[in-house]
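What follows is one structure encoded as structure tokens, with my remarks underneath.
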Amino acid sequence: VVPYSDSGASYQVALDNLVARGIMQGFADGRLGAGEAVSRQQFAKMICLTVGIPVSESNVCTFSDVTKSGPSGLYPDNYVAAATAAGVIKGTGTKTFSPHVSIARGQVVTMVVRALDRLSPGALSAPGTGYQATWPTGFSPEHGPNARRAEFNGLLKGLPLSQLDPWGAMTRGEVAQVLHNVLAKLGR
């Protein structure tokens, strides 16, 4: 993989880990694109591969805006369908997923917390009432408390949280760092 550039250098260990495990891939030109935004569809695949959500061709996506499977092999809709069935991700509506829209940091954190709660119950502890998270919980009634819990459990370690907008698009380097932390939490 081509060197990560300044924007991805801080996430090099996490990126290397996910590339080696086949969870994340580089682009056709050999770049990893650590500073590139992650789409909702890309994240669905990465979370399935990270936490072990089983995916097969029988996972059929009902969202009308997700590219449908081809004649054989796994396609984006299979990963979206499997993660949706596991209760980890949701659509942007009842019939749409918005697969190519960049995923926000707060959304990623909530999906990671959901995945661990559903697939590894007891892996995450609740922070005490006195615990002060870097991101205030007030940025979202759902994502804020999940971010607080994720930070308390070390899932956001290595991210410069005080400099990051929880509603901003999460980059590949940032997603890699969070998923790297998830793998460490699960002892994988």
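The values are calculated or read from the model by the stated rules, or taken from the named source; none is laboratory data. Everything numeric in this text was worked out from a predicted model, so none of it was measured. Positions of Cβ are generated from backbone atoms using ideal geometry, with glycine treated the same way; all protein chains shown enter the neighbour counts. The accessibility values were calculated without ligands, DNA or RNA, using every heavy atom of the protein model including side chains. Shrake-Rupley method; radii C 1.70, N 1.55, O 1.52, S 1.80 Å.
Candidates in region 34-47 are the residues that are aliphatic (A, V, I, L, M) and closer than 20 Å to SER98 by Cα; of these, the one that is most open to solvent (accessible area, probe 1.4 Å) is ALA37. Scan VAL19, VAL13 and give me the residue that is of a type in the set (A, V, I, L, M, F, W, C), surrounded by fewer than 20 Cβ atoms within 10 Å (Cβ to Cβ), without any contact (Cβ under 8 Å) to a residue 24 or more places away in the chain and farther than 28 Å from GLU142 by Cα. Going through VAL19, VAL13 in turn, the sole match is VAL19. Scanning region 113-131 for residues that are open to solvent by less than 30 Å² (accessible area, probe 1.4 Å) and assigned to a loop (DSSP other than H, G, I, E, B) yields SER120, ALA123, LEU124, PRO127. Looking across region 48-84, the residues that are more than 21 Å from VAL178 (Cα to Cα), surrounded by fewer than 15 Cβ atoms within 10 Å (Cβ to Cβ) and among the small types (Gly, Ala, Ser) come down to SER56, SER58, SER64, GLY70, SER72, GLY73.
Please work out which residue is modelled with the lowest pLDDT, limiting yourself to region 35-47 and to residues that are more than 14 Å from LEU179 (Cα to Cα) and not charged (D, E, K, R). Spell out how you get there, then give the answer.
We begin by selecting, within region 35-47, every residue more than 14 Å from LEU179 (Cα to Cα); these are 35-37, 39-41.
Adding the requirement that they be not charged (D, E, K, R) leaves 35, 37, 39, 41.
On the way: GLY35: 83, ALA37: 89, SER39: 91, GLN41: 91.
Out of the qualifying residues, it is GLY35.
A single entry from GLY173, GLY138, GLY144, GLY154 fulfils the requirement of being among the small types (Gly, Ala, Ser) and part of a loop (DSSP other than H, G, I, E, B): GLY154. Look through THR171, THR134, THR110 and report the one residue that is β-branched (Val, Ile, Thr) and surrounded by fewer than 16 Cβ atoms within 10 Å (Cβ to Cβ). Checking each option against the conditions leaves just THR134. Checking each residue in region 176-188 for being of a type outside the set (D, E, K, R), assigned to a loop (DSSP other than H, G, I, E, B) and open to solvent by 50 Å² or more (accessible area, probe 1.4 Å) picks out only GLY187.
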